[in-house]
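J.: Below is one structure. I have some questions about it.
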Amino acid sequence: MAEAVAARPASTILLLRDGASEEIEVFMMVRHHEIEFSSGALVFPGGSVDPGDGEIIARPELYSGGEGGDAAELSFKIAAIRETFEESGILLARPRGSNDLVDAKRAASIAAENRVALSERKTTFLDVLTQASMVLALDELVPYARWITPEGMPKRFDTWFFLAAAPPEQLGAHDGRESTDSLWLSPREAIAGGESGRFKLPFPTTRNLIKLGKQPNVRAALDEARGKPVVTVMPVLTKLNGGRQLRISREAGYDGELFEI
């Protein structure tokens with residue numbers, strides 16, 4: 001029997017805001033159809049942990065809210081903020097010496113100067129933070145879920161999902177490379193789009209949208225998740241009567257345990 005492919009560490013953020021229609025909204029992106037993983041899918045911004053994230057861990061003056069966290073925990077959080085910035089331009093950071101998140105105008109300026117260079121590996125996130133005098137706001141991230149791709153799959157990820165209130169007036173925009181569209185929408189709208197065929201929704205994304213949709217606003221979502229233990233989910237895939245089923249842990253608190261796919 002072939003050995004299981006190791007799961008690559010990855011992170012994603014559910015950026016939240018209170019919508020005008022009195023529904024919670026989340027920022028999502030449509031992955032480019034030529035991207036190898038989740039091509040064409042509607043997803044939350046995020047990606048793999050990078051070796052450069054470890055270099056930031058070694059510089060505690062570049063982040064706040066990392067007290068008591070080990071290297072693995074810090075790397076997931078730093079990767080989440082870095083990947084979100086690279087993919088959307090939204091920056092969860094504070095100017096050095098300030099208690100407030102960076103304002104939208106300054107964040108947009110930093111993004112305009114650095115996003116392309118980051119994607120082309122011509123600069124590093126550590127250099128961006130240093131030159132812009134920014135401190136990552138790790139304390140804004142609330143652990144929400146952890147999903148590990150089932151064994152037997154050719155590409156596997158160990159992904160942490162974090163919740164965070166979107167920085168005021170930072171609206172985000174897709175980069176046109178890894179993603180081709182970006183939008184704010186309620187979990188209800190996203191799920192309806194998946195059911196109608198408007199959107200392609202990965203299984204974990206759907207489960208987390210359904211879970212998030214139970215919350216009436218951003219504060220309620222963050223309060224409900226804060227301090228709550230995260231149960232790791234690694235779905236088990238089985239074949240039955242010509243179809244396929246995924247089983248997930250009931251203790252993870254989702255909308256069921258067994259799903260037809």
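J.: Please enumerate the residues belonging to segment 107-131 that are out of contact with any Leu (no Cβ under 9 Å at 6 or more places or on another chain), part of a helix (DSSP H, G or I), free of Cβ contacts under 8 Å to residues at least 60 places away in the same chain and under 21 Å from G54 (Cα atoms).
T.: Within segment 107-131, N114, A117, L118, S119, D127, Q131 qualify.
J.: Just need a number here: residues in segment 63-91 that are touching a Ser or Thr at 6+ places or on another chain (Cβ under 7 Å) and among the aliphatic types (A, V, I, L, M).
T.: Count: 3.
J.: Name the residue, out of I24, I78, that is more than 15 Å from the chain's Cα centre (by Cα), at pLDDT 95 or above and under 23 Å from V230 (Cβ atoms).
T.: Checking each option against the conditions leaves just I24.
J.: Here's another thing I want to ask about it. Can you confirm whether segment 237-256 contains a residue that is hydroxyl-bearing (S, T, Y), more than 18 Å from S186 (Cβ to Cβ), touching a residue at least 24 places away in the same chain (Cβ under 8 Å) and surrounded by 19 or more Cβ atoms within 10 Å (Cβ to Cβ)?
T.: yes
J.: While we're on this one: Go over the candidates T159, T205, T232, T149 one by one and state the one that is in contact (Cβ under 8 Å) with a residue 40 or more places away in the chain, among the β-branched types (V, I, T) and surrounded by fewer than 16 Cβ atoms within 10 Å (Cβ to Cβ).
T.: Exactly one of T159, T205, T232, T149 is in contact (Cβ under 8 Å) with a residue 40 or more places away in the chain, among the β-branched types (V, I, T) and surrounded by fewer than 16 Cβ atoms within 10 Å (Cβ to Cβ), namely T232.
J.: Still on this model: Can you find even one residue in segment 70-92 that is without any contact (Cβ under 8 Å) to a residue 40 or more places away in the chain, within 30 Å of R156 (Cβ to Cβ) and not in a helix (DSSP H, G or I)? Walk me through it before giving the result.
T.: We begin by selecting, within segment 70-92, every residue without any contact (Cβ under 8 Å) to a residue 40 or more places away in the chain; these are 70-71, 73.
Then keep just the ones that are within 30 Å of R156 (Cβ to Cβ); that gives 70-71, 73.
Cutting the leftovers down to not in a helix (DSSP H, G or I) gives us 70.
Looking for residues that are without any contact (Cβ under 8 Å) to a residue 40 or more places away in the chain, within 30 Å of R156 (Cβ to Cβ) and not in a helix (DSSP H, G or I), one finds at least one in segment 70-92, hence yes.
J.: Do you know which residues across segment 73-108 are within 16 Å of A164 (Cα to Cα) and basic (K, R)?
T.: K77, R82, R94, listed by residue number.
J.: Restricting to segment 93-106, count the residues that are over 18 Å from G65 (Cβ atoms), touching an Asp or Glu at 6+ places or on another chain (Cβ under 9 Å) and not in a loop (DSSP other than H, G, I, E, B).
T.: Step one: list which residues in segment 93-106 are over 18 Å from G65 (Cβ atoms), which gives 103-106.
Narrowing further to those that are touching an Asp or Glu at 6+ places or on another chain (Cβ under 9 Å): 103-105.
If we keep only those that are not in a loop (DSSP other than H, G, I, E, B) as well, we get 104-105.
Qualifying residue count for the region: 2.
The values are calculated or read from the model by the stated rules, or taken from the named source; none is laboratory data. As the structure is a prediction and not an experimental result, all values here were calculated from the model. Don't worry about glycine lacking a Cβ; one is built from the backbone with ideal geometry, like all the others, and counts go over all protein chains shown.
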